[in-house]
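What follows draws every value from the coordinates through simple rules; no lab data is involved. Owing to the predicted nature of the structure, the values given are computational and were not obtained by experimental measurement. Glycine also receives a Cβ, built like all others from the backbone with ideal geometry; neighbour counts cover every protein chain displayed.
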Amino acid sequence: MIYVISGCIIFATHYLLKENQWLFQKKLWQLVIGTILLVSVAVLLSTWIGSLFPVIAVTLIGATMLQIKYTHQLATQRLS
């Protein structure tokens, strides 16, 4: 069941952010720092509620955002 939920989170993040322009306007280092901060908040929330699901969800969302940004940046560099 956790694999299905994880797959849905990744697919939804990909679908929602693939053509989102704010993601392409941010620099990669800004997204990395933002992801680290979000995971830190998720760890605190996870400790408070006693479940690991917030950390899993935020990690999947952050990794998908970074992957989209990195592949877009790599494609842009190859075209120029």
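Counting helices only, and only those DSSP H runs with n ≥ 4, report the 222 nm mean residue ellipticity of the chain as the sum of -39,500 (n - 2.57) divided by its residues, in deg cm²/dmol to the nearest 500.
Values: 4 runs with 70 residues, N = 80.
Computed ellipticity for the chain at 222 nm equals -29500 deg cm²/dmol.
Each residue, GLU19 and ILE36, gets one label point 7 Å from its Cα in the Cβ direction; the gap between the two is 3.4 nm.
Spread over its residues, the convex hull of the C-alpha atoms of the chain is 85 Å³ per residue. Along the range 59-73 the Karplus relation, 6.51 cos²θ - 1.76 cosθ + 1.60 evaluated at θ = phi - 60°, assigns HN-Hα couplings of 5, 5, 5, x, 5, 5, 4, 5, 5, 4, 5, 5, 5, 5, 5 Hz to successive residues, with x for each Gly and Pro.
For the range 44-49, backbone phi angles converted through the Karplus equation (6.51, -1.76, 1.60; θ = phi - 60°) give residue-by-residue couplings of 5, 5, 5, 5, 5, 8 Hz, Gly and Pro being listed as x.
Under 8 Å for C-alpha pairs, at least 6 residues apart: give me the relative contact order for the chain, rounded to a whole percent. Reported as a whole number, the value is 42 percent. Length gain on complete extension for the stretch TYR3 to ARG78, per 0.36 nm per residue less the alpha carbon to alpha carbon distance? Additional length available on full extension: 23.6 nm.
Backbone phi angles across the range 28-37, fed through the Karplus curve with coefficients 6.51, -1.76 and 1.60 (θ = phi - 60°), yield HN-Hα couplings of 4, 5, 5, 5, 5, 5, x, 5, 4, 5 Hz in residue order; Gly and Pro are listed as x.
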